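J.: Quick one: the structure is below, and I'll ask about it shortly.
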């Protein structure tokens, strides 16, 4: 004879009310930069210079004749939430590469390899700051807004010129969202770039200037990240 155990209704309801535990818990916030050295970072793709200023600020300075340069993380990241502050000289655009990879590493003229992949744009306003560009991918802008001929769509003025600007970037799967100073700028889903770049390095860009007047500088501070 089969025996059945009686379970009080109150206990059964309590059991059913317990939410499922996610196996994808968020990680803790951690700094991408120790504030004192560039340990864990390397300059790639060009020969712009990077140094540390008092207060834990990374300063990138243009070098005449250099291609786009990137201070890149040795560690690679997949899904993440990134926050940082940036200030850039007028006359220079910049960016932060996310999930980016190196190609042409064996080419002696590549300065350690050409970094390519999604880039979160940094530039003075009104402009395209916060939209996503396909750096060295052959695709140009990944975000659709900069392709529009309507200035009300292809540019904005949420980036504060000659001041510190706070960025927040959330990359989860094929979706990338960007906020500048609390204002959402970008909500891009791009399956094509995610297939080739599901994870990769961060890169702090100093744009090449050719023979333009300079030098120009871009500064970053308070870089922190958590996995999601």
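The values are calculated or read from the model by the stated rules, or taken from the named source; none is laboratory data. Nothing here was measured: the structure is a model prediction, and the numbers come from that model. Cβ sites come from the backbone with ideal geometry, for glycine too, and all protein chains shown count toward neighbours.
J.: I'd like the residue in segment 67-94 that is crowded, with 17+ Cβ neighbours inside 10 Å and modelled with pLDDT under 95 and, out of all such residues, is nearest to the chain's Cα centre (by Cα).
T.: Restricting to residues being crowded, with 17+ Cβ neighbours inside 10 Å and modelled with pLDDT under 95, the top hit is 93.
J.: Please state which one of 120, 59 is out of contact with any helix residue (DSSP H, G or I) (no Cβ under 9 Å at 6 or more places or on another chain), surrounded by 22 or more Cβ atoms within 10 Å (Cβ to Cβ) and either in a strand (DSSP E or B) or at pLDDT 95 or above (or both).
T.: Criteria check complete, one pass: 120.
J.: Then there is this: If a residue must be surrounded by 18 or more Cβ atoms within 10 Å (Cβ to Cβ) and either closer than 14 Å to residue 179 by Cα or without any contact (Cβ under 8 Å) to a residue 12 or more places away in the chain (or both), how many such residues does segment 124-140 contain?
T.: Residues in segment 124-140 being surrounded by 18 or more Cβ atoms within 10 Å (Cβ to Cβ) and either closer than 14 Å to residue 179 by Cα or without any contact (Cβ under 8 Å) to a residue 12 or more places away in the chain (or both): 5 in total.
J.: Kindly indicate whether any position in segment 39-46 is modelled with pLDDT under 95, surrounded by fewer than 17 Cβ atoms within 10 Å (Cβ to Cβ) and part of a loop (DSSP other than H, G, I, E, B).
T.: So far as segment 39-46 goes, no, none of its residues is modelled with pLDDT under 95, surrounded by fewer than 17 Cβ atoms within 10 Å (Cβ to Cβ) and part of a loop (DSSP other than H, G, I, E, B).
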